[in-house]
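K.L.:
Encoded as structure tokens, here's the structure I'll be asking about.
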Amino acid sequence: MTKNVHVLSWIDEMAAMTQPDKIVWIDGTEEQAEALRAEACSTGELTKLNPELLPNCYLHRTAVNDVARVEGRTYICTPTKEEAGNINNWMEPSEMYAKLKKLYTGSMKGRTMYVIPYSMGVVGSDFAKYGIELTDSIYVVLNMLIMTRVGVNVLEALGDSADYIKGLHARADIDEENRYITHFPQDNTIMSVNSGYGGNVLLGKKCFALRIASYLGRKEGWMAEHMLILGVEYPNGDIKYVTAAFPSACGKTNLAMLIPPKMLADKGYKVWCVGDDIAWLRVNKEDGKLYAVNPENGFFGVAPGTNEKSNPNALHTCMRDTIFTNVVHNTENNTVWWEGLDNNPPKPGNAIDWKGNPWDCTKYDKKDKSTCGAHPNSRFTALAKNCPCISSEFNSLKGVPVSAIVFGGRRAKTAPLVYQSFNWQHGAFVGSIMASETTAAASGAVGVVRRDPMAMRPFVGYNMGDYFQHWLDMGKNIPNPPAIFHVNWFRTDDEGHFIWPGFGDNLRVLLWILDRCEGKVDAVETAIGYVPNAEDINIEGLSDVTLDTIKELLSVDTASWKEDVENIKEFYALIGDHVPATMYEELAALEKRLG
Ligand code: OXD
Ligand code: MN
């Protein structure tokens, strides 16, 4: 399919090492995809679901020991440890290559190596970057066909250039002890072995579009961020775009596909989804604004908790052309189910859990994860174009202009519902101190603060301190920068109940944010930034929220902020001496303002 000698010689080298029986090029055609689905069904790798209820949908189960990203086994292999920094695992490249060579050698014997030419971003656009993933997994091929743009046109666009990201994935023995997700930013290379789980093996996503891309972005003057992108449409038809970064499992997909509350929908407000996980951002030379694209082509969403209330758009998106991973199989009607979908789990005798065993829903205990039918990190891989609220700008070549960048985390007390940073530099600081508290559902230990700068802690492909500096530098190069905000949907009362209704009502907060961007509304200056006047958050039609509730949600608790400052100092110290002096100045200024 190509005469590109850089591509061909690399594939030869990888094939000589992994020794597959045959090599198959993925051309992006529906005929080839269909043949692969049929083959995967014949071997049990996939199960075809009810074509009437879930057309073109499939179920897959991973190995029981292989159900999530493995941060402890994810490496950034730069020539020096300093380049990777203290937050990343590091190994010297030649040492890692030698270790991997042993694991890959002969790993594809008796198997097929698939060659997947793919693009992150619209092929041919200024934003697009190309990759080739070699894998011995049909599941990976079929997921990549959803999550990225795959096909011959990628090779045509690449021509004879060597400018592409090399990715090698081998399932090998799915051996946890020898699982490695490795990145060689200087070599444009990603190597993943002994896993078959999405985030570790769909190399276009976290590995390329965040870790390698963040490295390239710093080198080339753009940004790769763990951000959703959405457009808010006003009754007059204007659309303003927002990007937002939240740590994993804080509801990015739900916010990206938000349905306005009735009162706002009736007035004509709409929300359009451009992306739910990753944004690539560049300065537009014509208007000096920051523009964003979603480099992906689909959603790899968490299934549990997705339902008609939390995210009807996601639910409709995954009603066709979807691969479900590690959910419950309802054998009565050959469909799928997960915790939080509805109150109608398949009856014992008709239910197979994510491990492939009969499942008895009557034994399900919310507090005991081992009783779940679907794995808590079970997923749907679904096409963006099937999303009812997908933005008409999804395939835009130049991206969408970003009015506001929003950071957020799960904080019981510390962060108010929303606040605005004083300027870009302070906003970058606000991103750098982002944090989330663990919930009972997530870990057992409640309220442990995990600092997750810009939601990028597991995804920066170089030194976190240098990443902070890149944010500061970008600010100087954007003539019309977006305003930067922080939100917290998760504030609780003394009994631990959430105060803010969240979900669609989050649009009320986004509207205040966008009003600020337009200079339409005043705010109160506090120690941490600008906080809304309570009256300016629209609570029309909300039964449980009064002006006093909003006042409570917007209060800045100085004592807990002072505690937070100490925690931030420890975290900066952990990142080490690449933390820019400017960030320490911002921290000192915050401390001073807190008094
Ligand atoms: C994801 C994550 O899967 O952030 O998107 O973990
Ligand atoms: Mn993510």
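K.L.:
Quickly run through segment 25-50 and pick out the residues that are within 29 Å of TRP354 (Cβ to Cβ) and not in a helix (DSSP H, G or I).
P.N.:
Once the filter is applied, which keeps residues that are within 29 Å of TRP354 (Cβ to Cβ) and not in a helix (DSSP H, G or I), segment 25-50 yields ILE26, GLY44, GLU45, LEU46, THR47, LYS48, LEU49, ASN50.
K.L.:
Looking only at segment 378-394, filter to residues that are assigned to a loop (DSSP other than H, G, I, E, B) and surrounded by fewer than 17 Cβ atoms within 10 Å (Cβ to Cβ); which one of those is farthest from ligand 2 (Cβ to nearest atom)?
P.N.:
Ranking the candidates gives SER392 first.
K.L.:
Now for a different question. For segment 84-199, which helices (runs of 4 or more DSSP H) that fit wholly inside it have 1 or more residues that are free of Cβ contacts under 8 Å to residues at least 40 places away in the same chain?
P.N.:
Ranges flagged: 93-104, 152-158.
K.L.:
Considering every residue within segment 500-513, establish whether at least one is in contact with a Lys or Arg (Cβ under 6 Å, 6 or more places away or on another chain) and either in a helix (DSSP H, G or I) or crowded, with 17+ Cβ neighbours inside 10 Å (or both).
P.N.:
No, that holds for no residue.
K.L.:
Identify the residue in segment 253-303 that is of a type in the set (Asp, Glu) and in contact with a helix residue (DSSP H, G or I) (Cβ under 7 Å, 6 or more places away or on another chain) and, among all such residues, is farthest from ligand 1 (Cβ to nearest atom).
P.N.:
GLU296
K.L.:
Any residue that is touching a Ser or Thr at 6+ places or on another chain (Cβ under 9 Å) and under 26 Å from ASP353 (Cβ atoms) - is there at least one of those in segment 282-298?
P.N.:
yes
K.L.:
Restricting the search to segment 316-333, which residues are touching a residue at least 24 places away in the same chain (Cβ under 8 Å) and either surrounded by 18 or more Cβ atoms within 10 Å (Cβ to Cβ) or assigned by TED's automatic domain parsing to the domain that holds ALA279 (or both)?
P.N.:
Result: THR317, CYS318, ASP321, THR322, ILE323, PHE324, THR325, ASN326, VAL327, VAL328, HIS329.
K.L.:
Quick one: would you say THR18 is within 27 Å of GLY461 (Cα to Cα), more than 16 Å from ligand 2 (Cβ to nearest atom) and in contact with a Phe, Trp or Tyr (Cβ under 8 Å, 6 or more places away or on another chain)?
P.N.:
So THR18 passes the test.
K.L.:
Then there's this: For segment 470-486, does any single residue satisfy the condition of being assigned to a helix (DSSP H, G or I), within 19 Å of GLU570 (Cα to Cα), more than 16 Å from ligand 2 (Cβ to nearest atom) and touching a residue at least 60 places away in the same chain (Cβ under 8 Å)?
P.N.:
For segment 470-486, residues assigned to a helix (DSSP H, G or I), within 19 Å of GLU570 (Cα to Cα), more than 16 Å from ligand 2 (Cβ to nearest atom) and touching a residue at least 60 places away in the same chain (Cβ under 8 Å): absent.
The values are calculated or read from the model by the stated rules, or taken from the named source; none is laboratory data. Nothing here was measured: the structure is a model prediction, and the numbers come from that model. For neighbour counting, all protein chains shown are included, and Cβ atoms are generated from backbone atoms with ideal geometry for every residue, glycine included.
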